[in-house]
Amino acid sequence: MANYYDIDDILADEELVPAVFLEAVNGVGLFESNEANRVEPRSKVELPFWLARELHLRQAVSVTIPPCFNKKTREEIGADGAHVDLRSRSSYFYELGCKIVQLMGDKSIGSLLLVAFQTRYKEVLIKAHTAASSLTPKFLSSLTKEETKLYDAAKSSTAAFKTWRMGGPRFQKAAVLGRKRKPIGGE
Amino acid sequence: MSGQSDPRGSTFSAAELEFLAEDETIEIVPNLRMERLSLICGDFGPFRPQIATQVPIWLAVALKKRGKCTIRPPDWMSVEKLTQVLEAERDSASSFEALPFHYVEISRLLFDDARDDIPDVYMVRSLIEDIKDVRFHKIGTGLEKLSSRTYAMKLNLSAMEVNVIRPFVTGGLETFYKLGNPDLIQESSDRPEHRRPQPADRGPRRELRR
């Protein structure tokens, strides 16, 4: 488990994963149109990961691998990982992948994640340190949350260095200074 | 020691590094007569006109601003030395020349306040800019080789260079570490390039996030 208060960990738990119910379940409001309020066995649903994991461990559902780790994605990453739009597949591609591996024990996903990050990392590095202010929106929109964080960190540290080198004011004036004092006691 | 400007305390701001660099000593030639200064960081002086002495840069700059001294630029800040360094930097693709840890900050401090004391100031300035650009480029290409098997890097990097790349490198390494966890990875033969013979005495991997 990652840090309990890690917001990204919490949000990654919200990612939907496909699951198949193994048993009939009563009293779940998954389908609002369903009057009987009952889920039949072998019905396919998309559940948030935190729910799917608990039900999977109790053998109430069987989780299947989410579509973002399907064969097509694997082939695309194998071909040119740097230009795959991972965000449209899952903004928490890496985090979700780690969780799925721990749950399902499919270690080929783990290697896929590592290969994907290794190829994409370089692209992030080059773009973050070179592309000055001309943002590359297409590139940015294909990054997952984790990569975006990395990109922003590199970007802001480079930008801070550049502004320092350009000069500019050494001392910043505190907001309280330079304000006229109000006369005490009356208007 | 960590920076105050960043809430997580993981990085310094450029201004903070400049502040740290001001503790380096530099040679000045005072033109005033003053007693020895006993400071926490050491004793400086006594100051006699035309007798060179070593002081911290912050003191040198303060005296210089009041017209009480001339600053002698450090040895490495000469056109010949910097040209040599630049040549060497360009020749080797991976190693870095030994420059002072705070060379970026010191050169900026001196360029701001002691331009008239540096011979060939424009030349020196552009040389330092070139050296800095070459080194940053090399750092960038070096970082591309970073991988989950990276354990340590030893380079002659300066404070500012390290600081600029720090957020990226730590973040990248942490992700590599997380994804390279042996629980997640199939140690199969389909990726032979990552299966180098490993020394047995590395010890257990430390868990960063669990």
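The values are calculated or read from the model by the stated rules, or taken from the named source; none is laboratory data. In this text the structure is predicted, and so the values were computed from the model without any measurement. Neighbour counts run over all protein chains shown; Cβ positions are idealised from the backbone, glycine included.
Given the condition touching a Cys at 6+ places or on another chain (Cβ under 8 Å) and either in contact (Cβ under 8 Å) with a residue 40 or more places away in the chain or more than 30 Å from A:LEU150 (Cα to Cα) (or both), answer yes or no: does some residue in the stretch B:63-84 qualify? Scanning the stretch B:63-84 turns up at least one residue that is touching a Cys at 6+ places or on another chain (Cβ under 8 Å) and either in contact (Cβ under 8 Å) with a residue 40 or more places away in the chain or more than 30 Å from A:LEU150 (Cα to Cα) (or both).
Residues that are surrounded by 15 or more Cβ atoms within 10 Å (Cβ to Cβ) and touching a residue at least 24 places away in the same chain (Cβ under 8 Å) do occur in the stretch B:39-53, at least one of them.
Looking at A:GLY186, A:GLY168, A:GLY81, can you tell me which residue is at pLDDT below 80 and part of a helix (DSSP H, G or I)? Walk me through how you get there before you give the answer.
Working: A:GLY186 fails: part of a helix (DSSP H, G or I); A:GLY168 fails: part of a helix (DSSP H, G or I).
Residue meeting the stated conditions: A:GLY81.
In the stretch B:70-93, is there at least one residue being assigned to a loop (DSSP other than H, G, I, E, B) and of a type in the set (Ser, Thr, Tyr)? Scanning the stretch B:70-93, I find at least one residue that is assigned to a loop (DSSP other than H, G, I, E, B) and of a type in the set (Ser, Thr, Tyr), so the answer is yes.
Just to be sure before I move on: is B:ILE51 modelled with pLDDT under 90 and either touching a Lys or Arg at 6+ places or on another chain (Cβ under 9 Å) or over 25 Å from A:THR163 (Cα atoms) (or both) in the structure I sent?
Details: modelled with pLDDT under 90: no; either touching a Lys or Arg at 6+ places or on another chain (Cβ under 9 Å) or over 25 Å from A:THR163 (Cα atoms) (or both): yes.
Considered against the rule, which asks whether it is modelled with pLDDT under 90 and either touching a Lys or Arg at 6+ places or on another chain (Cβ under 9 Å) or over 25 Å from A:THR163 (Cα atoms) (or both), B:ILE51 comes out as no.
From the list A:LEU143, A:LEU96, pick out the single residue that is assigned to a loop (DSSP other than H, G, I, E, B), of a type outside the set (S, T, N, Q) and within 13 Å of chain B (Cβ to nearest Cβ). Lay out the reasoning, then the answer.
Numbers: A:LEU96 fails: assigned to a loop (DSSP other than H, G, I, E, B).
Result of the check over A:LEU143, A:LEU96: A:LEU143.
Tell me yes or no: at least one residue of the stretch B:96-108 is in contact (Cβ under 8 Å) with a residue 40 or more places away in the chain, surrounded by 19 or more Cβ atoms within 10 Å (Cβ to Cβ), in a helix (DSSP H, G or I) and acidic (Asp, Glu). There is at least one residue in the stretch B:96-108 that is in contact (Cβ under 8 Å) with a residue 40 or more places away in the chain, surrounded by 19 or more Cβ atoms within 10 Å (Cβ to Cβ), in a helix (DSSP H, G or I) and acidic (Asp, Glu).
When B:ALA114, B:ALA98 are checked against the criterion of being in contact with a strand residue (DSSP E or B) (Cβ under 9 Å, 6 or more places away or on another chain), within 26 Å of B:VAL55 (Cβ to Cβ) and at pLDDT below 90, B:ALA114 stands alone in meeting it. A:ALA132 satisfies every condition listed in (1) at the interface with chain B (Cβ under 9 Å from one of its Cβ atoms); (2) at pLDDT below 80 except (1).
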